[in-house]
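The values are calculated or read from the model by the stated rules, or taken from the named source; none is laboratory data. This is a predicted model, so every value here is computed, not measured. Cβ placement follows ideal geometry from the backbone for every residue including glycine, while neighbour counts extend to all protein chains displayed. Ligands, DNA and RNA are stripped out before the accessible areas are found, and what is left, the full protein with its side chains, is counted by its heavy atoms. Shrake-Rupley method; radii C 1.70, N 1.55, O 1.52, S 1.80 Å.
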Amino acid sequence: RYHLRSGMFRVDVDAFDAHLRRAEALEGTEALVEYERALELYRGDLLGNEPYEWADAYRREYQRRFLAAAHRAAGVALDCRDTGKAMEFYQAILARDPIDEEAARGLMRCYEKLGDANGARKVYKVLCESLRRELEDEKAQPLPETTALLQEFIREPKGS
């Protein structure tokens, strides 16, 4: 048997958790910096290239933590009026979970804030394609609130 003494080495999982703890205790741009540091450490699933069954539960838990932290970070970025940073967080979520409609709606709202209705359309289109692919259902559609959000953005101005 082997025993590893904690404190003798650094592990990215420990650093990830520490940054998230600090982010949770802070507000505004200080929290945003900690979220960024944590999410930069997450470059892929825990032991993602290893076939260890015992790691599956840990892998799923860190995926969940990453996605939850990225959602919170996007919200903090929006509170700080940093639309570009919020977009990066939403894109990171969608890169790992392409059918996360909450992230897709957040990204669509960011494009709308920038006056880019085509950007919002593209996000919606990719979401539709992802839902059909991931769910293996050619008729799969986004939730009604996602479709309504897109319609709101592309609706022609009244009086024209």
Out of everything in the stretch 108-117 that is within 13 Å of M87 (Cβ to Cβ) and in contact with a helix residue (DSSP H, G or I) (Cβ under 6 Å, 6 or more places away or on another chain), what residue ends up being surrounded by the fewest Cβ atoms within 10 Å (Cβ to Cβ)?
K113
Taking R105 as meeting all but one of (1) under 18 Å from the mean Cα position of the chain (by Cα); (2) among the basic types (K, R); (3) open to solvent by 40 Å² or more (accessible area, probe 1.4 Å), write down the number of the exception.
(3)
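Answer yes or no as to whether A55 is under 30 Å from L131 (Cβ atoms), buried (at least 18 other Cβ atoms within 10 Å of the Cβ) and either at pLDDT 85 or above or out of contact with any strand residue (DSSP E or B) (no Cβ under 6 Å at 6 or more places or on another chain) (or both). Spell out the reasoning first.
Numbers: under 30 Å from L131 (Cβ atoms): yes; buried (at least 18 other Cβ atoms within 10 Å of the Cβ): no; either at pLDDT 85 or above or out of contact with any strand residue (DSSP E or B) (no Cβ under 6 Å at 6 or more places or on another chain) (or both): yes.
Criteria not met by A55.
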Count - residues of the stretch 4-32 that are open to solvent by 60 Å² or more (accessible area, probe 1.4 Å) and either under 22 Å from G75 (Cα atoms) or modelled with pLDDT of 70 or more (or both)
11
How about the stretch 33-45: which of its residues are touching a His at 6+ places or on another chain (Cβ under 6 Å) and either open to solvent by 60 Å² or more (accessible area, probe 1.4 Å) or acidic (D, E) (or both)?
E34, R37
Within the stretch 122-140, restricting attention to residues that are touching a helix residue (DSSP H, G or I) at 6+ places or on another chain (Cβ under 7 Å) and surrounded by 12 or more Cβ atoms within 10 Å (Cβ to Cβ), which residue is nearest to E88 (Cα to Cα)?
V123
For the stretch 58-86, which residues satisfy the criterion of being assigned to a helix (DSSP H, G or I), under 16 Å from L32 (Cβ atoms) and open to solvent by 20 Å² or more (accessible area, probe 1.4 Å)?
A68, H71, R72, G75, V76, L78, D79, T83, G84, K85
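From R121, R96, R72, which residue is over 11 Å from the mean Cα position of the chain (by Cα) and among the charged types (D, E, K, R)? Break it down stepwise before answering.
On the way: R96 fails: over 11 Å from the mean Cα position of the chain (by Cα); R72 fails: over 11 Å from the mean Cα position of the chain (by Cα).
None of the others qualify; the one that does is R121.
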Quick one: would you say L94 is assigned to a helix (DSSP H, G or I), under 23 Å from L127 (Cβ atoms), modelled with pLDDT under 90 and not β-branched (V, I, T)?
no
Does R81 meet the test of being more than 13 Å from the chain's Cα centre (by Cα) and under 26 Å from H19 (Cβ atoms)?
yes
Modelled with pLDDT of 95 or more and assigned to a helix (DSSP H, G or I): is that true of L107 in this structure?
yes
